[in-house]
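Have a look at the structure below before the remarks.
The values are calculated or read from the model by the stated rules, or taken from the named source; none is laboratory data. What you see is a predicted model; the values in this text were computed from it and never measured. Here Cβ is always computed from backbone atoms with ideal geometry, including for glycine, and neighbour counts include all displayed protein chains.
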Amino acid sequence: MGLFGGKKQSAIDIAQQQREREQQEIEAEFVKGITTLRDIIAPSSIEIQSSYFRLGTRYGRTLYVYGYPRQIYTGWLSSIINVDEVIDVSMFIYPVESQVVLDNLRKKVGQLEASMSINAEHGKVRDPALEAAIQDAEELRDQLQVGAERFFRYGLYITLYGESLDELNFVQHKVETILGQQLVLSKVASSQQEQGLNSTIPQMTDQLQIRRNMNTGAVSTSFPFTSADLTQNNGILYGINMHNNGLVIFDRFSLENANMVVFAKSGAGKSFTVKLEALRTMMMGADILIIDPENEYQKLADAVGGSYIRLSLNSDVRINPFDLPRVIDSDEADDALRANLVTMHGLLRLMLGGASAQIQGGGSAMLPTLSPSEEADLDQALIDTYARAGITSDPLTHNSLPPTINDLYETLLHMGGSGPQLAQRLRKYTTGTFAGIFSQQSNIDINNTMVVFNIRDLEDELRPVAMYIVLSHIWNRIRTEQKKRMLIVDEAWQLMKYDDSANFMFSLAKRARKYYLGLTTITQDVEDFMGSKMGRAIVANSSMQLLLKQSTSAVDVLSDVFKLTEEERKRLANFPVGQGLFFAGQNHVHLQIVPSPTEQSLITTNPQQLQQMQAYQEQQQAQAAQTMYEQPPTPQDQVQ
């Protein structure tokens, strides 16, 4: 009975073990099918060659640094850290006991001095390298002995990446050139690419073990957390430096000129960025003048108590292009009338259809031009018109009431030659469709910290003329009283389409510095702007540039102008809203524009954000009203 019972128990145990084994096999198969973190981050394949490796479709190569100059300076590694390529840099620092180093140095100094004595006995010439080695060893012994220095073993490895072997070789040449300029020597880790890769990925293993003796001072010069910096003690906050999360604080008036150009596609945040800069610059004591073609600056102007001047055929605003500046400088006072005559020539060519319009692709389409005889008659008519108003080249007459386009029309109509024909072409601005707005005396005052000229409601044909006249009026005001100002011209491509208005913009950019003026030019049509000779000249005369997200076609144009690297070209077409490349002088950084919540509410034009803010305000008002309704009446309320 017991025997059979034992056999029965054994059979049960065997069956139980069999079930457990099956369960373990099932679990093992299940675990094999689970995606782990290692599966997610691992490359699809890896191939190791003697001088490079391949991770999936990407090539890589590891270099090690084996030689350093006798003296090396702080920040020497920053040029590698900031190189615009995909690289991994790994450092290994091993402390060494000072006593061990002192013993070795004592032996080494003895050997060096013995060598020097032998050379002297044999009458050999002095060896400067041997003397320098003894001097360095003695200085290091002194520093170690008093505890001022410590000793380390230092290894530096760099892994490069590229889409092809050619690109990998190019990156290697670039990195070796940067190191070689500082007498830092590097080599490819031949037949050790796998160990090199393992030494530069974040797993804390030094498999190459190629090290150099260094003291504390030498190791500290290779401090890795350095990157491109662009900041000053004074100025305004432009944003966050994406290289190092530092603040980009800059004063544009500290450069050789305070001009700035902003290029971006629609919706990339160019107007938002400029409004933010204008608001912060105004807080630092500068006046802001803005030409607004899309009604984007009214909310900001109202918030800061600025003047908002709406130009349209139905408004009461009047600007007389014949106004003269009341120049204080005696040298310029003599030339004020002549300068305004030149400006009026350009304006009238624009008004009479005698301008060369820049078209897409960089060419130009000739509109009906003024003949030489018409130009001469127009010049004489302008002089006569001023003279009839009592204004001559004598600066004392410049305070007289200036003439208007109506007066010029009458002068042309009653003079000989081509005057009557020019008067007929000018009539639409005097008694025709466009009468009133520019044919009467000025009635605006731009004495305010922020003045916005809105030209959205003007007809397309009149808009370039209006921008030209407004710019001329502003320029006259700037020449009258010099103070810190910033002039913003939004959608400047509308002016760059015509030679005369483009020349006037260039003249502003070139002369702004003398009058303490910073010109900001904003455009989204990069091809048209840069296709113009004057457009490129304006960029060349601007010490600051901001490139936000661009269309693919614009990236090619800008990369040629600003000498962008391949990595910057890639970023420029894929920047999120509010990020871009910020150039100031010879430096540039990757910038993130960051407003405060209050600034965001004042300057945003995003419809979704505006709706959210409106809904939030309505919710807050409703909660406040509900709270007031639910509060019990006070004794004073009951009495009332």
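Against the test of being surrounded by fewer than 16 Cβ atoms within 10 Å (Cβ to Cβ) and at pLDDT 85 or above, the options Arg388, Arg318, Arg326 yield a single qualifying residue, Arg388.
Elements of the type helices (runs of 4 or more DSSP H) sitting completely within the range 189-295 and holding at least 2 residues that are surrounded by 19 or more Cβ atoms within 10 Å (Cβ to Cβ) and in the same structural domain as Ile474 (by TED's automatic domain parsing): these cover 270-283. Checked against (1) in contact with a Ser or Thr (Cβ under 7 Å, 6 or more places away or on another chain); (2) under 25 Å from Arg310 (Cβ atoms); (3) outside any loop (DSSP other than H, G, I, E, B), Lys428 passes all but a single condition, namely (1). Residues in the range 395-416 that are modelled with pLDDT under 85 and not hydroxyl-bearing (Ser, Thr, Tyr): Pro395, Leu396, His398, Asn399, Gly416. A single entry from Leu183, Leu237, Leu197 fulfils the requirement of being touching a helix residue (DSSP H, G or I) at 6+ places or on another chain (Cβ under 7 Å) and touching a residue at least 24 places away in the same chain (Cβ under 8 Å): Leu237. Scanning the range 50-74 for residues that are exposed (fewer than 12 other Cβ atoms within 10 Å of the Cβ) and touching a residue at least 60 places away in the same chain (Cβ under 8 Å) returns Ser50, Thr57, Gly67, Pro69, Arg70, Tyr73.
Restricting attention to the range 115-129, the residues being hydroxyl-bearing (Ser, Thr, Tyr) and either loosely packed, with under 12 Cβ neighbours inside 10 Å or outside any helix (DSSP H, G or I) (or both) number 1.
Restricting the range 88-108 to residues that are modelled with pLDDT of 75 or more and among the β-branched types (Val, Ile, Thr), the residue that is farthest from Thr200 (Cα to Cα) is Val96.
Is it true that Leu130 is free of Cβ contacts under 8 Å to residues at least 60 places away in the same chain and within 22 Å of Leu183 (Cβ to Cβ)? Judged against the criteria, Leu130 is a match. Among all positions in the range 34-48, there is at least one residue which is surrounded by 10 or more Cβ atoms within 10 Å (Cβ to Cβ), assigned to a loop (DSSP other than H, G, I, E, B) and modelled with pLDDT of 75 or more.
Taking the condition modelled with pLDDT under 90 and of a type in the set (A, V, I, L, M), does Val65 pass? Here the answer is no, as Val65 does not meet what is asked. For Phe151, the test of being at pLDDT below 90, surrounded by 17 or more Cβ atoms within 10 Å (Cβ to Cβ) and aromatic (Phe, Trp, Tyr) is passed. Just need a number here: residues in the range 369-393 that are hydroxyl-bearing (Ser, Thr, Tyr), free of Cβ contacts under 8 Å to residues at least 60 places away in the same chain and closer than 18 Å to Met351 by Cβ. Residues meeting the conditions: 2.
Restricting Val539, Val561, Val555 to those that are under 15 Å from the mean Cα position of the chain (by Cα), of a type in the set (A, V, I, L, M), at pLDDT below 90 and more than 22 Å from Arg252 (Cβ to Cβ) reduces the list to Val555.
Quick grid of which residues meet (1) free of Cβ contacts under 8 Å to residues at least 60 places away in the same chain; (2) in a helix (DSSP H, G or I); (3) aromatic (Phe, Trp, Tyr); (4) surrounded by 22 or more Cβ atoms within 10 Å (Cβ to Cβ):
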{"position": "Gln424", "(1), (2), (3), (4)": "yes, yes, no, no"}
{"position": "Gly432", "(1), (2), (3), (4)": "yes, no, no, no"}
{"position": "Asp445", "(1), (2), (3), (4)": "no, no, no, no"}
{"position": "Val452", "(1), (2), (3), (4)": "no, no, no, yes"}
{"position": "Lys514", "(1), (2), (3), (4)": "yes, yes, no, no"}
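In the range 555-569 there is no residue that is free of Cβ contacts under 8 Å to residues at least 12 places away in the same chain, surrounded by fewer than 20 Cβ atoms within 10 Å (Cβ to Cβ) and among the polar types (S, T, N, Q). Going through (1) outside any helix (DSSP H, G or I); (2) in contact (Cβ under 8 Å) with a residue 12 or more places away in the chain one by one, Leu112 falls short only on (1).
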